[in-house]
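The structure under discussion appears below in the form of structure tokens.
The values are calculated or read from the model by the stated rules, or taken from the named source; none is laboratory data. None of the values given here were measured: they were computed from a predicted structure. Note that we place each Cβ from the backbone using ideal geometry, even for glycine, and neighbour counts take in every protein chain shown.
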Amino acid sequence: MPRLFHLPGSAGSKVPDENLWLQYGFCACVQWAMRSWLLVVVLGGCGFDLRLAAATGDAALDGEGLPISDGSPGTEPVAAFVCPTDAALRACYAFENTTSDGSSSNNDAVATSASYATGRDGSGKALVTTAGTISVGNTTSLDIAAFTIKLWIRANVLPTGGARAGLVDSGGRFRLFVQSDGALRCAITGGTDLTSGTNVVDANAWRRVACTFTGTQMRIYVDGTMVASSNVASTIPTTGGGMVIGHNNPSGENFNGAIDELQLWSSIVAP
Ligand SMILES: [Ca+2]
């Protein structure tokens, strides 16, 4: 039988060892299988990430479909803010060059001299509240028995001379202030004010501040951490006037800085 290949056989023999043929064949099959398996894993992994990228529109994703950080501290990608669709959301302002309300309550704010700065996400806009007035009319959608007020703030300077500046102020119902000592102060009309410790907010930094009121308990948060809590044995009046943003109602001390992504809920949501 002619041989196409001459393979070394056993010592002293010119005839290939049939067992060696089997060994070579077995090794080749194992190598082919391993290479194929590795190819499937590599291509499969690439395809998985490409499918994720196509599904989310992101150019660079990690294995969980999240944007990949550039590795720089404090520069994680921030998702663009969109007002949620929820009947409990009574007012919502993204402040993208507008004071329009993004909730279904139509509580558009009217600004006497609106100006905008870089938003908290570094690419959008925020409402500058250093001057002028931003007012919302008196509507029944502001008549609520409980609330979450949450917003981002960036003070140029804290109020001076012991003053307080309004962040959200529905004078007859509820209000949230920042004080000259860096404390936050939250209240409902007819109830005892809740004031945090000093220096929970500072100048020249974006802070996410919130006040929640369940109907019996009030809490203040900064960047998701509770900084004050108390029981409040009062109910929110429903005969208040409108609501102002970034200054006091009606005395007028402005918050010297910018406000972004303001939400007013009639329920308790994550601060
Ligand atoms: Ca914004």
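Odds and ends about this structure:
- Each residue in the stretch 74-99 was checked for being within 15 Å of the ligand (Cβ to nearest atom), among the polar types (S, T, N, Q) and surrounded by fewer than 16 Cβ atoms within 10 Å (Cβ to Cβ), and 1 pass.
- Scanning the stretch 118-138 for residues that are among the small types (Gly, Ala, Ser) and more than 10 Å from the ligand (Cβ to nearest atom) yields Gly122, Ala131, Gly132, Ser135, Gly137.
- Screening the candidates Gly240, Gly166 for the property of being closer than 24 Å to Asn138 by Cα, touching a Leu at 6+ places or on another chain (Cβ under 8 Å) and part of a loop (DSSP other than H, G, I, E, B) yields one hit, Gly240.
- Hits in the stretch 150-160 - residues which are more than 15 Å from the chain's Cα centre (by Cα) and hydrophobic (A, V, I, L, M, F, W, C): Ala155, Val157, Leu158
- Filter result for Gly172 (over 26 Å from Asp86 (Cα atoms), part of a loop (DSSP other than H, G, I, E, B) and either under 20 Å from the mean Cα position of the chain (by Cα) or not hydrophobic (A, V, I, L, M, F, W, C) (or both)): no
- Flag set for Ile245, criterion: at pLDDT 95 or above, within 16 Å of the ligand (Cβ to nearest atom) and within 15 Å of Leu151 (Cα to Cα).
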